[in-house]
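Below you'll find the structure, written out as structure tokens, and then a few comments.
The values are calculated or read from the model by the stated rules, or taken from the named source; none is laboratory data. Everything numeric here is computed off the predicted structure, so don't read it as measured data. When we count neighbours, we look across all protein chains shown, and the Cβ atoms used for this are built from the backbone with ideal geometry, even at glycine. Just the protein is used for accessible areas: all its heavy atoms, side chains included, with ligands, DNA and RNA removed. Shrake-Rupley method; radii C 1.70, N 1.55, O 1.52, S 1.80 Å.
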Amino acid sequence: MKWAAFIAWVLTAGGGFVLLSIWLARGGMRQQREAGSRIRPSLIMSHFLLAATGLVIWVIYLADDKSTLAWVAFGILCVVALLGFTMFGIWLRRRQRGAAGADTVTSGKPAEQHFPVSIVGLHGLLAATTLVLVLLTAAGVGGS
């Protein structure tokens, strides 16, 4: 199960890299000073850095097989998930307003509104899978 969690985490990271790349290419770093509900650089970078840190800790856990490391990775992943849900909420609210005609000018469109729905959905599904697999592994379900 610990290897399934690792594979799910790496796949989740791949989707996250795609989303981060789109966000950066569309000027996401310049959104710090813009008004309105947007995904701020501090939020997305915290999500990214904590997820990467958790993955590194998980790799160390795979090498050492110490349950404390699995729990630390799970705790970090919980924070990452909360940040991810926050960003998803911002993205979804803005997207729903855009569908209602509130965002007719594309130049004022936040960077995250260029995210493909399929990648956002896949990233979220893989993230939830990763969270469950990491929890089950840390709890000792399925052996080590």
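Out of Thr68, Thr53, Thr12, any idea which swings most in a Gaussian network model of the chain, alpha carbons joined below 10 Å?
Among Thr68, Thr53, Thr12, the largest mean-square fluctuation in the Gaussian network model of the chain belongs to Thr68.
Taking only the C-alpha atoms, wrap a convex hull around the chain and report its volume per residue in Å³ as a whole number.
Details: hull volume 13.6 nm³, N = 144.
Looking at the chain, the number lands at 94 Å³ per residue.
Quote the charge dipole size of the chain about the Cα centre in Debye, to the nearest 20; the model charges only the Cβ of Lys and Arg (+1) and of Asp and Glu (-1). Mind dumping the intermediate values first?
Details: 12 positive and 5 negative charges, 117 e Å.
That gives the chain a dipole magnitude of about 560 debye.
Where the accessible area of the chain is counted over protein heavy atoms with a 1.4 Å probe, how much of it, in %, is carbon and sulfur? Spell out each step's value before the answer.
Values: 5400 of 7820 Å².
In the chain, the share of accessible area belonging to carbon and sulfur is 69 percent.
For Arg97, what accessible surface area do you get with a 1.4 Å probe? Give it in Å², rounded to 10.
Near enough 110 Å² of accessible area.
Would you work out the relative contact order for the chain, in percent, from Cα pairs under 8 angstrom that are 6 or more residues apart? Don't jump to the answer; show the numbers that get you there.
Working: 143 pairs, mean separation 63.2, N = 144.
44 percent.
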